[in-house]
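See structure below.
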Amino acid sequence: MYLITISNYKKRLGFIIGLILFVTNAYSNDNLSSEKIECKNGNGETCFNIARLIERKIKNDKESRNFYEAIKFYKYSCDYGYGEACFNLANKFISGEGVHKNISQAIYLYDKAFKLDYPIAYVELGRMYSNGKVFQKDLRKAKNYYQKACDAGEKHTACVMLDYVDKVKSKKEDYRILEDMKKECTKNSMVGLLVCSTIGSMYKKYDDFENAIKYYKKACKVFSSECIPLGEIYINKKFKNYDENKAISSFMKACNDGKAEGCIKLGDTYKKVKKDIAKSNIYFRKACSLGYVDYCN
(Lines give C-alpha, C1' and ligand atoms only; values in the text may rest on other atoms or scores of the structure.)
Protein backbone atom coordinates (compact mmCIF):
# COMPACT_ATOMS: atom_id res chain seq x y z
CA MET A 1 0.00 0.00 0.00
CA TYR A 2 1.28 3.45 -0.77
CA LEU A 3 0.18 6.98 0.00
CA ILE A 4 -1.93 8.92 -2.52
CA THR A 5 -0.99 12.57 -2.21
CA ILE A 6 -2.66 15.82 -3.17
CA SER A 7 0.21 16.67 -5.48
CA ASN A 8 -0.65 13.61 -7.58
CA TYR A 9 -4.44 13.95 -7.25
CA LYS A 10 -5.12 15.48 -10.66
CA LYS A 11 -2.82 13.05 -12.42
CA ARG A 12 -4.45 10.07 -10.70
CA LEU A 13 -7.95 11.44 -11.38
CA GLY A 14 -7.12 11.62 -15.07
CA PHE A 15 -5.77 8.06 -14.91
CA ILE A 16 -8.96 6.81 -13.21
CA ILE A 17 -11.18 8.43 -15.86
CA GLY A 18 -8.99 6.90 -18.56
CA LEU A 19 -9.13 3.51 -16.89
CA ILE A 20 -12.95 3.64 -16.71
CA LEU A 21 -13.13 4.35 -20.44
CA PHE A 22 -10.55 1.65 -21.09
CA VAL A 23 -12.43 -0.95 -19.01
CA THR A 24 -15.72 -0.07 -20.72
CA ASN A 25 -14.12 -0.68 -24.10
CA ALA A 26 -12.27 -3.78 -22.92
CA TYR A 27 -15.40 -5.52 -21.66
CA SER A 28 -17.03 -4.99 -25.02
CA ASN A 29 -14.01 -6.70 -26.58
CA ASP A 30 -12.99 -9.22 -23.92
CA ASN A 31 -9.91 -10.60 -25.66
CA LEU A 32 -8.24 -7.13 -25.62
CA SER A 33 -6.69 -7.84 -29.02
CA SER A 34 -6.53 -4.22 -30.19
CA GLU A 35 -5.29 -3.00 -26.80
CA LYS A 36 -2.56 -5.67 -26.75
CA ILE A 37 -1.40 -4.56 -30.20
CA GLU A 38 -1.30 -0.95 -29.00
CA CYS A 39 0.67 -2.08 -25.94
CA LYS A 40 3.21 -4.02 -27.98
CA ASN A 41 3.62 -0.95 -30.17
CA GLY A 42 5.06 0.82 -27.16
CA ASN A 43 2.12 2.43 -25.34
CA GLY A 44 3.10 1.99 -21.70
CA GLU A 45 -0.15 3.36 -20.30
CA THR A 46 -2.20 0.86 -22.32
CA CYS A 47 0.00 -1.99 -21.09
CA PHE A 48 -0.55 -0.76 -17.54
CA ASN A 49 -4.32 -0.62 -18.01
CA ILE A 50 -4.33 -4.17 -19.38
CA ALA A 51 -2.39 -5.39 -16.33
CA ARG A 52 -4.83 -3.65 -13.97
CA LEU A 53 -7.82 -5.11 -15.81
CA ILE A 54 -6.34 -8.63 -15.66
CA GLU A 55 -5.79 -8.17 -11.90
CA ARG A 56 -9.40 -7.10 -11.45
CA LYS A 57 -10.62 -10.18 -13.29
CA ILE A 58 -8.35 -12.45 -11.23
CA LYS A 59 -9.66 -11.03 -7.96
CA ASN A 60 -13.26 -11.41 -9.13
CA ASP A 61 -12.69 -14.99 -10.31
CA LYS A 62 -11.79 -17.34 -7.46
CA GLU A 63 -10.77 -20.07 -9.87
CA SER A 64 -8.29 -17.95 -11.80
CA ARG A 65 -4.58 -18.10 -11.04
CA ASN A 66 -3.33 -16.35 -14.16
CA PHE A 67 -1.48 -13.66 -12.24
CA TYR A 68 1.56 -14.08 -14.46
CA GLU A 69 -0.29 -12.45 -17.39
CA ALA A 70 -0.73 -9.28 -15.33
CA ILE A 71 2.96 -9.34 -14.36
CA LYS A 72 3.90 -9.63 -18.03
CA PHE A 73 1.99 -6.47 -18.97
CA TYR A 74 3.33 -4.56 -15.97
CA LYS A 75 6.82 -5.45 -17.23
CA TYR A 76 5.97 -4.23 -20.74
CA SER A 77 4.58 -1.01 -19.29
CA CYS A 78 7.61 -0.44 -17.10
CA ASP A 79 9.98 -1.15 -19.99
CA TYR A 80 8.06 1.44 -22.05
CA GLY A 81 8.65 4.08 -19.38
CA TYR A 82 5.45 4.07 -17.33
CA GLY A 83 6.58 4.79 -13.76
CA GLU A 84 3.54 3.50 -11.88
CA ALA A 85 3.96 0.09 -13.53
CA CYS A 86 7.55 -0.11 -12.24
CA PHE A 87 6.24 0.85 -8.79
CA ASN A 88 3.56 -1.85 -8.84
CA LEU A 89 6.10 -4.44 -9.97
CA ALA A 90 8.44 -3.40 -7.16
CA ASN A 91 5.64 -3.89 -4.63
CA LYS A 92 5.06 -7.40 -5.97
CA PHE A 93 8.73 -8.32 -5.62
CA ILE A 94 8.54 -7.13 -2.01
CA SER A 95 5.34 -9.04 -1.21
CA GLY A 96 5.77 -12.09 -3.45
CA GLU A 97 2.46 -11.56 -5.25
CA GLY A 98 2.73 -13.38 -8.59
CA VAL A 99 6.52 -13.59 -8.36
CA HIS A 100 9.16 -14.92 -6.00
CA LYS A 101 10.30 -12.29 -3.51
CA ASN A 102 13.37 -10.41 -4.71
CA ILE A 103 14.39 -7.38 -2.64
CA SER A 104 17.24 -6.25 -4.91
CA GLN A 105 14.91 -6.32 -7.95
CA ALA A 106 12.34 -4.32 -5.98
CA ILE A 107 14.89 -1.62 -5.11
CA TYR A 108 15.93 -1.41 -8.76
CA LEU A 109 12.28 -0.96 -9.82
CA TYR A 110 11.50 1.64 -7.14
CA ASP A 111 14.54 3.57 -8.32
CA LYS A 112 13.40 3.28 -11.94
CA ALA A 113 9.87 4.42 -11.04
CA PHE A 114 11.27 7.50 -9.32
CA LYS A 115 13.38 8.36 -12.35
CA LEU A 116 10.23 8.01 -14.48
CA ASP A 117 8.54 10.81 -12.50
CA TYR A 118 6.82 8.62 -9.92
CA PRO A 119 8.21 10.00 -6.62
CA ILE A 120 5.84 7.92 -4.46
CA ALA A 121 8.37 5.12 -5.07
CA TYR A 122 10.90 6.88 -2.84
CA VAL A 123 8.22 7.56 -0.22
CA GLU A 124 7.70 3.79 -0.08
CA LEU A 125 11.43 3.09 0.19
CA GLY A 126 11.71 5.72 2.92
CA ARG A 127 8.83 4.12 4.79
CA MET A 128 10.42 0.66 4.60
CA TYR A 129 13.76 1.93 5.87
CA SER A 130 12.10 3.90 8.67
CA ASN A 131 9.90 1.08 9.98
CA GLY A 132 12.47 -1.71 9.62
CA LYS A 133 9.97 -4.29 8.35
CA VAL A 134 11.57 -5.03 4.97
CA PHE A 135 15.07 -3.63 5.40
CA GLN A 136 17.15 -3.18 8.51
CA LYS A 137 16.01 0.08 10.09
CA ASP A 138 18.12 2.95 8.78
CA LEU A 139 16.80 6.46 9.45
CA ARG A 140 19.63 8.05 7.46
CA LYS A 141 18.55 6.18 4.31
CA ALA A 142 14.88 6.84 5.09
CA LYS A 143 15.58 10.55 5.38
CA ASN A 144 17.49 10.52 2.09
CA TYR A 145 14.59 8.92 0.20
CA TYR A 146 11.99 11.17 1.83
CA GLN A 147 14.08 14.23 0.96
CA LYS A 148 14.31 13.26 -2.71
CA ALA A 149 10.58 12.54 -2.90
CA CYS A 150 9.79 15.80 -1.11
CA ASP A 151 11.98 17.73 -3.55
CA ALA A 152 10.15 15.97 -6.40
CA GLY A 153 6.76 17.26 -5.21
CA GLU A 154 5.41 14.78 -2.68
CA LYS A 155 4.69 17.57 -0.20
CA HIS A 156 1.90 15.95 1.80
CA THR A 157 3.65 12.66 2.50
CA ALA A 158 7.40 12.79 1.92
CA CYS A 159 7.87 16.24 3.43
CA VAL A 160 5.74 15.36 6.47
CA MET A 161 7.60 12.09 7.01
CA LEU A 162 10.94 13.83 6.45
CA ASP A 163 10.04 16.23 9.23
CA TYR A 164 9.06 13.29 11.42
CA VAL A 165 12.28 11.33 10.81
CA ASP A 166 14.33 14.48 11.31
CA LYS A 167 12.75 15.18 14.69
CA VAL A 168 12.46 11.68 16.13
CA LYS A 169 14.07 12.02 19.55
CA SER A 170 11.56 10.84 22.10
CA LYS A 171 8.06 9.59 22.66
CA LYS A 172 7.10 13.10 23.72
CA GLU A 173 8.31 14.54 20.42
CA ASP A 174 6.51 11.82 18.45
CA TYR A 175 3.26 12.59 20.21
CA ARG A 176 3.64 16.29 19.45
CA ILE A 177 4.01 15.48 15.75
CA LEU A 178 0.98 13.19 16.00
CA GLU A 179 -1.18 16.13 17.06
CA ASP A 180 -0.30 17.91 13.81
CA MET A 181 -1.04 14.79 11.76
CA LYS A 182 -4.45 14.30 13.39
CA LYS A 183 -5.67 17.50 11.70
CA GLU A 184 -5.18 15.82 8.32
CA CYS A 185 -6.77 12.57 9.54
CA THR A 186 -10.00 14.32 10.56
CA LYS A 187 -10.62 15.50 6.99
CA ASN A 188 -11.79 12.00 5.95
CA SER A 189 -10.24 12.47 2.51
CA MET A 190 -8.25 9.73 0.76
CA VAL A 191 -5.01 11.30 1.96
CA GLY A 192 -6.50 11.95 5.40
CA LEU A 193 -7.47 8.32 5.92
CA LEU A 194 -4.02 7.14 4.95
CA VAL A 195 -2.55 9.61 7.43
CA CYS A 196 -4.86 7.95 10.00
CA SER A 197 -3.07 4.69 9.25
CA THR A 198 0.32 6.32 9.77
CA ILE A 199 -0.92 7.65 13.12
CA GLY A 200 -2.05 4.15 14.04
CA SER A 201 1.40 2.74 13.26
CA MET A 202 3.07 5.40 15.40
CA TYR A 203 0.84 4.62 18.38
CA LYS A 204 1.46 0.91 17.81
CA LYS A 205 5.21 1.55 18.04
CA TYR A 206 4.73 2.61 21.66
CA ASP A 207 2.27 -0.20 22.46
CA ASP A 208 -0.51 2.38 22.77
CA PHE A 209 -2.91 -0.15 21.31
CA GLU A 210 -6.20 1.57 22.11
CA ASN A 211 -5.22 4.68 20.16
CA ALA A 212 -3.65 2.59 17.40
CA ILE A 213 -6.91 0.67 16.97
CA LYS A 214 -8.91 3.90 16.86
CA TYR A 215 -6.94 5.23 13.87
CA TYR A 216 -6.45 1.93 12.06
CA LYS A 217 -10.22 1.41 12.20
CA LYS A 218 -10.79 4.69 10.37
CA ALA A 219 -8.38 3.71 7.60
CA CYS A 220 -9.70 0.12 7.46
CA LYS A 221 -13.20 1.34 6.53
CA VAL A 222 -11.89 2.47 3.11
CA PHE A 223 -8.53 0.73 2.67
CA SER A 224 -8.88 -2.97 3.45
CA SER A 225 -5.09 -3.38 3.50
CA GLU A 226 -5.11 -1.31 6.70
CA CYS A 227 -7.31 -3.93 8.38
CA ILE A 228 -4.23 -6.19 8.51
CA PRO A 229 -2.23 -4.21 11.12
CA LEU A 230 -5.52 -3.75 12.98
CA GLY A 231 -5.93 -7.53 13.17
CA GLU A 232 -2.32 -7.93 14.29
CA ILE A 233 -3.02 -5.79 17.35
CA TYR A 234 -6.00 -7.91 18.39
CA ILE A 235 -3.77 -11.02 18.61
CA ASN A 236 -0.80 -9.24 20.18
CA LYS A 237 -0.17 -10.86 23.57
CA LYS A 238 0.63 -7.42 25.03
CA PHE A 239 -2.86 -6.14 24.21
CA LYS A 240 -5.07 -6.38 27.30
CA ASN A 241 -8.23 -6.85 25.19
CA TYR A 242 -6.76 -9.74 23.16
CA ASP A 243 -9.47 -10.96 20.78
CA GLU A 244 -8.87 -13.71 18.22
CA ASN A 245 -12.29 -13.28 16.62
CA LYS A 246 -11.79 -9.56 15.98
CA ALA A 247 -8.41 -10.35 14.46
CA ILE A 248 -9.97 -12.93 12.15
CA SER A 249 -12.71 -10.46 11.18
CA SER A 250 -10.12 -7.81 10.30
CA PHE A 251 -7.97 -10.20 8.27
CA MET A 252 -11.10 -11.56 6.58
CA LYS A 253 -12.07 -8.11 5.30
CA ALA A 254 -8.69 -7.72 3.64
CA CYS A 255 -8.70 -11.28 2.27
CA ASN A 256 -12.22 -10.97 0.83
CA ASP A 257 -11.13 -7.74 -0.86
CA GLY A 258 -8.39 -9.61 -2.72
CA LYS A 259 -5.52 -8.72 -0.38
CA ALA A 260 -3.46 -11.90 -0.26
CA GLU A 261 -1.60 -10.74 2.84
CA GLY A 262 -4.93 -10.78 4.67
CA CYS A 263 -5.46 -14.39 3.54
CA ILE A 264 -1.97 -15.30 4.73
CA LYS A 265 -2.65 -13.73 8.14
CA LEU A 266 -5.91 -15.70 8.31
CA GLY A 267 -4.04 -18.90 7.48
CA ASP A 268 -1.42 -18.18 10.13
CA THR A 269 -4.08 -17.35 12.74
CA TYR A 270 -6.03 -20.55 12.12
CA LYS A 271 -2.83 -22.59 12.11
CA LYS A 272 -0.99 -21.12 15.10
CA VAL A 273 -3.79 -19.71 17.25
CA LYS A 274 -6.91 -21.74 16.46
CA LYS A 275 -4.95 -24.94 15.67
CA ASP A 276 -7.23 -25.56 12.69
CA ILE A 277 -4.99 -26.81 9.88
CA ALA A 278 -7.88 -27.47 7.46
CA LYS A 279 -9.07 -23.87 7.61
CA SER A 280 -5.56 -22.48 7.50
CA ASN A 281 -4.94 -24.38 4.25
CA ILE A 282 -8.09 -22.87 2.71
CA TYR A 283 -6.69 -19.38 3.16
CA PHE A 284 -3.16 -20.29 2.14
CA ARG A 285 -4.63 -21.71 -1.10
CA LYS A 286 -6.54 -18.47 -1.59
CA ALA A 287 -3.28 -16.53 -1.20
CA CYS A 288 -1.82 -18.83 -3.84
CA SER A 289 -4.76 -18.12 -6.16
CA LEU A 290 -4.09 -14.40 -5.71
CA GLY A 291 -0.58 -14.90 -7.04
CA TYR A 292 1.50 -15.55 -3.92
CA VAL A 293 3.46 -18.43 -5.38
CA ASP A 294 5.28 -19.24 -2.13
CA TYR A 295 1.93 -20.45 -0.72
CA CYS A 296 1.05 -22.78 -3.58
CA ASN A 297 2.65 -25.81 -1.87
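In order along the stretch 153-163, the Karplus-derived 3J(HN,Hα) couplings, from 6.51 cos²θ - 1.76 cosθ + 1.60 at θ = phi - 60°, round to x, 7, 5, 8, 10, 4, 5, 5, 5, 4, 4 Hz, and Gly and Pro are given as x. Between LYS57 and LYS205, the C-beta separation translates, for a Förster distance of 41 Å, into a calculated FRET efficiency of about 0.60.
Need one word for the stretch 213-267: rounded, prolate or oblate. Basis is the Cα gyration tensor (sqrt eigenvalues a ≥ b ≥ c); a/c below 1.5 gives rounded, then a/b vs b/c decides. Oblate shape, in that a/c is at least 1.5 and b/c is the bigger or equal ratio. Whole-Hz Karplus values for the stretch 118-126 come out as 10, x, 4, 4, 7, 4, 5, 5, x Hz, taken residue by residue from phi with 6.51 cos²θ - 1.76 cosθ + 1.60 and θ = phi - 60°; glycine and proline positions read x. Of the two radii for the stretch 45-158, the radius of gyration is 1.01 times the Kirkwood radius, both from the alpha carbons; that is the Rg over Rh value.
The separation of the stretch 154-221 from the stretch 121-147, counted between C-alpha centres, amounts to 16 Å. Between ARG176 and HIS100, the distance separating the two model label sites (each 7 Å from Cα on the Cα→Cβ line) works out to 4.9 nm. Give the lysines whose C-alpha is closer than 16 Å to that of LYS36, dropping any in the same chain fewer than 8 places away, or say none. Cross-link targets: LYS72, LYS75.
Is the stretch 141-261 best put as rounded, prolate or oblate by its Cα gyration tensor, with a ≥ b ≥ c the root eigenvalues, rounded for a/c under 1.5, and otherwise prolate when a/b is larger than b/c, oblate when not? Prolate, because a/c is 1.5 or more and a/b exceeds b/c. Using bins of 10 Å that start at zero, the share of Cα-Cα pairs per bin across the chain amounts to 6, 24, 35, 25, 8, 1, in whole %. Going down the list LYS141/LYS238; LYS204/LYS259; LYS141/LYS218; LYS187/LYS221; LYS133/LYS237; LYS133/LYS217, which pairs span over 25 Å between their C-alpha atoms? Check vs 25 Å cut-off fails for LYS141/LYS238; LYS141/LYS218.
Calculate for the chain the 222 nm mean residue ellipticity that helices alone would give, adding -39,500 (n - 2.57) per DSSP H run of length 4 or more and normalising by residue count, nearest 500 deg cm²/dmol. Could you put the intermediate results ahead of the total?
Values: 16 runs with 205 residues, N = 297.
Estimated from H runs of four or more residues: -22000 deg cm²/dmol.
Summarising the overall dimensions of the stretch 195-289 from its C-alpha atoms, the Rg and Dmax are 12.9, 37 angstrom. Full extension of the chain between SER189 and ASP138 yields a length gain of 15.3 nm, computed as 0.36 nm times the residue separation minus the alpha carbon distance.
Restricting the trypsin sites (Lys or Arg not before Pro) of the stretch 191-263 to loop positions (DSSP other than H, G, I, E, B) with no more than 12 neighbouring Cβ atoms within 10 Å leaves LYS237, LYS238, LYS240.
Computed over protein heavy atoms with a 1.4 Å probe, the accessible surface of the stretch 135-260 works out to 50 Å² per residue.
Could you compute the net charge surrounding ASP79? Neighbours are other residues with a C-beta less than 12 Å from the C-beta of ASP79; K and R count +1, D and E count -1. Write out the running numbers ahead of the final one.
On the way: positive: LYS40, LYS72, LYS75, LYS112; negative: none.
My count for the surroundings of ASP79 gives +4.
Each Lys or Arg adds one and each Asp or Glu takes one away; over the other residues whose Cβ falls under 9 Å from the Cβ of GLY126, this sums to +3.
The values are calculated or read from the model by the stated rules, or taken from the named source; none is laboratory data. Values in this document were obtained by computation on a predicted structure and should not be read as measured data. Don't worry about glycine lacking a Cβ; one is built from the backbone with ideal geometry, like all the others, and counts go over all protein chains shown. Note: accessible area is taken over every heavy atom of the protein model, side chains too, but ligands, DNA and RNA are not part of it. Shrake-Rupley method; radii C 1.70, N 1.55, O 1.52, S 1.80 Å.
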